[in-house]
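Down below is the structure, laid out as structure tokens.
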Amino acid sequence: MQRKIRQSQTIVPFGVGAIFDLQGESLVACDTFRWGPRGERIQSDRLAAVLGVSEFRAAPAVASNAWAAPSAGVPYARFPAWLFCQRCRRMTRWSRALEQSDKAPTCGSCPGKKQLVPMRWIQICPNGHMDDLDWKRWAHSRNTNPEARQCQKDNLFFESVSGKGAGGLDTLQVHCHSCHSRRNLMGITSKGSLKSIGVTCIGRQPWQRWDERADCDEVPLAVQRGASNVYFPLVHSSIEIPNASRADSQSEKALAIKADDFFRPLLGVNEDAPMFDMMVETLAKAHDITPEYVKGLVRDEKQREAGKATTVDATPGDLLGEEWAAFLTELDNSDDPHFRTRHVDLVQTKTKVTSLLADRLDKVVLADRLREVRALEGFHRVTPAGSDKLVPVALNHKATVDWLPAIDVRGEGIFLSLDEGRLAVWEEQGAVRDRVLELEKRLNASFMEPRLRERTGPILAPRYVLLHTLAHLLIRRLAFESGYAATSLRERIYARSAADPGGASKQAGILIYTAAGDSEGTLGGLVRQGEPPQLQGTVLEALQDAMWCSSDPLCSENLASTFASLNFAACHACTLVAETSCESGNYLLDRVLVVGSGKVPGFFQDVLDAAVEAAGEGIRGIS
């Protein structure tokens, strides 16, 4: 049976391993091995090199033409298998043999074929496994009769208990009508509730066969199937940019290769020609390097000669570093179909306020065209742990499936960078460092640390919290000004500090962009809002919005916001955005670092003080 889902949703939120609810049915996305050799290939060499795969593929799409031949899309399996009838309350363990073409499961006991609905509770484990709860064992776990505890008949009913009020789990029970054993659901989600009745992890995913299970010693946890800890996808993304100049293009090794007699002729040979590969292999063997290194130098040299390469060096494989370099460089890319940028001035008419703002914002770059590739590497359950507990999208077939599912989306964006000199001075102030240090201590103690460290780096720098908060403020304001829905805007934070290892260049910028799978991502409204003088007004209005929140003074003085207290002064009324727009799940936000307070200087505090003073002078002039 076919169900409709958007292609972009096959990565997030309904990617491999995720539960998808549709019209009373509950399904789970199968791994990519079951896709087969279908799906359109997506090109992203930079992202593929970082993730160590050969290619990416989009989910196979089903033909929408009614006259077209039937085609298969992405496979989903029914889960949970335990269903019940809302009329007679009989529970049924559904199997693939009971499926009927283009029909939802129905009750065989009730007249009218009432549709069965899935049970609300499932079990998951920290190793990423997921399975149905053993409802037979649960129903018989409180019966002291040994014969009743051995009852194996499929005669379970999911019933409501009268006389106990409404809403509590003690008002719901699983009742075996054969031996009359029963147990309500009170405490089912408590830690150790399944262990106490002898339930262990089965070591597999719902779509896997029994012989594909793995040994697992983890204690499973009973949760509702819609709980937030059921699925933590690990998604990587890359803005596709022109060839970034290699950081080692002037090294001794690179210069020796460029001086070779075979190198210069390579620049005039098409990469698809057989001669190209032969010449590359010859150079690689002569200099004891890989062919990929030679190809990278050839592309770099071609881009440099064409005036399209970035002039700020970036380490190969550093996705954010290469994007940062591309945005800072004024490129001649008017004919590039995927990346077209232009540098503009923030301020046209200088006043005290706009001059202070211009001193803090270094560059404004409008991206008329952007192409982003998002790839799903795997997922976690229970907590977003490290790579050792990551469930790959190909599961047991990782060795034979050398690609990842991905989507290819296009849009537009506004890139802003802060003045590094002023930012460095602000970061060194004691009050700023102490405030962010307290936030980092909480981050270190949080189960979200592995996932958030991928964004912040090994050290949470004040610039990251500042830039992240500024990006949220701009998204909220641009949603009003540009005509896009707030959920259509996304952020990308470039916040590498001097403390980051590797000696890479420092970064301090944000990209607000649209990257939708349909035409809404390229309507042009966002770029028009970045044109002078509109952006100047938008930034000032966003900063002024942050000065006051409808929840103040509670919000501005708050030091324990969101789960695990990973936000300070931030709430839904002033700073938070849709989670699809935020790369860090609405964590690590603090508008005090933007606007300041009596104890902590804000990076834009002088700008806002001047704006308030100018507004006061205007009012006095009118009076």
Examine the range 466-480 for a residue that is at pLDDT below 95, in a loop (DSSP other than H, G, I, E, B) and under 25 Å from V595 (Cα atoms), and state whether such a residue exists. no
Exercise for review: Could you tell me whether N143 is of a type outside the set (A, V, I, L, M, F, W, C), assigned to a loop (DSSP other than H, G, I, E, B) and within 30 Å of V393 (Cα to Cα)?
Suggested key: no
Selection from the range 83-107 of residues free of Cβ contacts under 8 Å to residues at least 24 places away in the same chain, in contact with a Lys or Arg (Cβ under 7 Å, 6 or more places away or on another chain) and in a loop (DSSP other than H, G, I, E, B) yields W94, C107
The residue that is surrounded by the most Cβ atoms within 10 Å (Cβ to Cβ), considering only those in the range 539-562 that are in contact (Cβ under 8 Å) with a residue 60 or more places away in the chain and closer than 26 Å to K441 by Cα, is A546
Residues of the range 188-200 being in a loop (DSSP other than H, G, I, E, B) and either at pLDDT below 90 or over 21 Å from M91 (Cα atoms) (or both), in sequence order, are S190, K191, G192, S193, G198, T200
Out of (1) modelled with pLDDT of 95 or more; (2) touching an Asp or Glu at 6+ places or on another chain (Cβ under 8 Å); (3) of a type outside the set (K, R), the one G457 does not meet is (1)
Would you be able to say whether some residue in the range 201-210 is surrounded by fewer than 14 Cβ atoms within 10 Å (Cβ to Cβ) and in a loop (DSSP other than H, G, I, E, B)? yes
- Residue check for E372: in contact with a Lys or Arg (Cβ under 9 Å, 6 or more places away or on another chain), crowded, with 17+ Cβ neighbours inside 10 Å and acidic (D, E): yes
Taking the range 385-419 and keeping residues under 29 Å from P37 (Cα atoms) and hydroxyl-bearing (S, T, Y) leaves S387, T400
Of the conditions (1) within 23 Å of the chain's Cα centre (by Cα); (2) at pLDDT 90 or above, the single one that D545 does not satisfy is (1)
Selection from the range 131-150 of residues touching a His at 6+ places or on another chain (Cβ under 9 Å), surrounded by 12 or more Cβ atoms within 10 Å (Cβ to Cβ) and closer than 24 Å to C201 by Cβ yields A139, R149
Determine, yes or no, whether I414 is part of a strand (DSSP E or B), at pLDDT 95 or above, of a type in the set (A, V, I, L, M, F, W, C) and buried (at least 16 other Cβ atoms within 10 Å of the Cβ). yes
Residues in the range 563-617 that are charged (D, E, K, R), within 21 Å of L418 (Cβ to Cβ) and touching a helix residue (DSSP H, G or I) at 6+ places or on another chain (Cβ under 7 Å) total 4
Note on the range 563-580: residues in a helix (DSSP H, G or I) and either surrounded by fewer than 14 Cβ atoms within 10 Å (Cβ to Cβ) or hydroxyl-bearing (S, T, Y) (or both) are F563, S565
Log entry, pairs with first residue in the range 587-616 being on the phi > 0 side of the Ramachandran plot and among the small types (G, A, S), second being crowded, with 20+ Cβ neighbours inside 10 Å and not in a helix (DSSP H, G or I), beta carbons closer than 6 Å, six or more apart or on different chains, reads G596/G602
In the set D154, D131, the lone residue that is part of a strand (DSSP E or B) and either at pLDDT below 85 or under 30 Å from S193 (Cα atoms) (or both) is D131
Picking from A18, A29, the residue that is surrounded by 20 or more Cβ atoms within 10 Å (Cβ to Cβ) and touching a Gly at 6+ places or on another chain (Cβ under 8 Å) would be A29
Only one of R246, R225, R183, R264 is at negative phi, modelled with pLDDT under 90, surrounded by 14 or more Cβ atoms within 10 Å (Cβ to Cβ) and among the basic types (K, R), namely R246
Given the conditions (1) surrounded by fewer than 18 Cβ atoms within 10 Å (Cβ to Cβ); (2) within 36 Å of the chain's Cα centre (by Cα), every one holds for D154 apart from (2)
Expected output for the range 32-55 (first residue touching a residue at least 40 places away in the same chain (Cβ under 8 Å) and closer than 21 Å to A18 by Cβ, partner surrounded by fewer than 14 Cβ atoms within 10 Å (Cβ to Cβ) and of a type in the set (D, E, K, R), Cβ below 6 Å, 6+ apart or cross-chain) is V53/D402
Within the range 417-450, restricting to residues that are assigned to a loop (DSSP other than H, G, I, E, B) and not aromatic (F, W, Y), the one that is surrounded by the most Cβ atoms within 10 Å (Cβ to Cβ) is M448
The number of residues in the range 323-355 that are part of a helix (DSSP H, G or I) and crowded, with 17+ Cβ neighbours inside 10 Å is 8
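The values are calculated or read from the model by the stated rules, or taken from the named source; none is laboratory data. The model shown is predicted, which means the values in this text are computed figures rather than measured ones. Glycine gets a Cβ as well: all are built from the backbone with ideal geometry, and neighbour counts include every protein chain shown.
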